[in-house]
Ligand code: SF4
């Protein structure tokens, strides 16, 4: 669900054109969409289907698969059909890179969105220094020629395309003209957008990923400015590429994605970790919940503990979370003492607060409801929530 509080606190979201990808909408007024990508070989139908199902069940709303050859593109037909026969339709995106025209054309029949990379979509044979106005027009004519069949197929089925620029794979022509810069990345996207628009096709989502967070932030901000000035209100897919693993991978992804979302920029996100893709999904939802953009879990407020703490905060927070984590929509505070008053609990719906050694107080909002022995604290908290009619069975 959308969080009801945030829209009044953060800059309003960039106005974008809604783009339909299967049953999911990216952009417009739709909630920010969570997506990821499977690691399995697309030719391994049972493996790919199992991975897509697992990701979808974990909350991944859009699943991407890699399509490096025509055989992989054809395999998507089997994968889609197996999903429909044994599970349910899942919005699928095909990732097409090198010399992608024929592959993209085939796979466009079997998926809801095709991602192309402008830097790799067409082999460019021109030498550095060849880029006169005529060379550029010739390159664009070649792009138009290669893109047209794909755009025709996608347009006829009302399917989407992601123009996915990557910092590390800008075309030689863009590098020569703009250098390795945010502007080069944005112009690379703009060139493909213009060509699509000339063909009357607008179901576009744009990404401009980089592995360095400051570059990624700068390029999306520049893109928002330039595209909006040119009347190109296409939604953005945010991500930090090659963010790595573990704690720092999550920090890098969050630093890039959350900074832009807090600016009102971004309509779908992917956290790219060098780990099982299933582990990306909670990070995505955590970012969206922390910013108040979507509410998919309980919001916990807990103090860091200090010398005044009257119980083992880490243990108690863990027990409270285990007992209540399924109660989506509630705010629950766990505080070591009441020294700074109920206001410190950030107006949580319920508070579990140290009172005296061995005793805790339970709060409903700012009102102290009862004092209970610490060893019955979690049980009493659950009873309080039940008596308020806000409990649901896990
Ligand atoms: Fe310390 Fe109390 Fe603040 Fe927790 S709420 S950090 S126990 S003063």
- Message: I'm checking my understanding of the structure. Among residues of segment 346-374 that are part of a loop (DSSP other than H, G, I, E, B) and within 16 Å of the ligand (Cβ to nearest atom), which one is surrounded by the most Cβ atoms within 10 Å (Cβ to Cβ)?
- Response: 348
- Residue among 266, 244, 343 that alone is within 27 Å of the chain's Cα centre (by Cα) and either assigned to a helix (DSSP H, G or I) or at pLDDT 95 or above (or both): 266
- Query: Which condition number in (1) more than 34 Å from the chain's Cα centre (by Cα); (2) surrounded by fewer than 18 Cβ atoms within 10 Å (Cβ to Cβ); (3) away from the ligand (no atom under 11 Å from the Cβ) is the one that residue 377 fails?
  - Reply: (2)
- Query: Restricting attention to segment 297-314, which residues are in contact with a strand residue (DSSP E or B) (Cβ under 7 Å, 6 or more places away or on another chain), within 24 Å of residue 285 (Cβ to Cβ) and more than 9 Å from the ligand (Cβ to nearest atom)?
  - Reply: 298, 299, 300, 301
- Message: Exactly one condition in (1) over 20 Å from residue 35 (Cβ atoms); (2) outside any helix (DSSP H, G or I) is false for residue 162; which is it?
- Response: (1)
- Exactly one of 234, 285 is part of a helix (DSSP H, G or I), in contact with a strand residue (DSSP E or B) (Cβ under 7 Å, 6 or more places away or on another chain), closer than 19 Å to residue 33 by Cα and in the same structural domain as residue 181 (by TED's automatic domain parsing), and that residue is 285
- What pairs come up if the first residue lies in segment 301-312 and is under 19 Å from residue 343 (Cα atoms), the second is assigned to a loop (DSSP other than H, G, I, E, B) and more than 7 Å from the ligand (Cβ to nearest atom), and their beta carbons are under 7 Å apart, counting only those six or more places apart or on different chains? 301/346; 301/348; 310/357
- Looking only at segment 315-335, which residues are out of contact with any helix residue (DSSP H, G or I) (no Cβ under 7 Å at 6 or more places or on another chain) and either near the ligand (Cβ under 9 Å from one of its atoms) or part of a strand (DSSP E or B) (or both)? 331
- Task: Quick one: in segment 283-296, of everything that is without any contact (Cβ under 8 Å) to a residue 60 or more places away in the chain and out of contact with any helix residue (DSSP H, G or I) (no Cβ under 6 Å at 6 or more places or on another chain), which residue is farthest from the ligand (Cβ to nearest atom)?
- Result: 286
- Task: Kindly indicate the residue of segment 313-340 that is crowded, with 17+ Cβ neighbours inside 10 Å, in contact (Cβ under 8 Å) with a residue 24 or more places away in the chain and farther than 14 Å from residue 381 by Cβ and also farthest from the chain's Cα centre (by Cα) among those meeting that condition.
- Result: 337
- Matching option when the condition is buried (at least 17 other Cβ atoms within 10 Å of the Cβ) and free of Cβ contacts under 8 Å to residues at least 40 places away in the same chain, among 77, 84, 106: 106
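The values are calculated or read from the model by the stated rules, or taken from the named source; none is laboratory data. Values in this document were obtained by computation on a predicted structure and should not be read as measured data. Quick reminder, even Gly has a Cβ in these numbers, built from the backbone with ideal geometry, and neighbours come from all protein chains shown.
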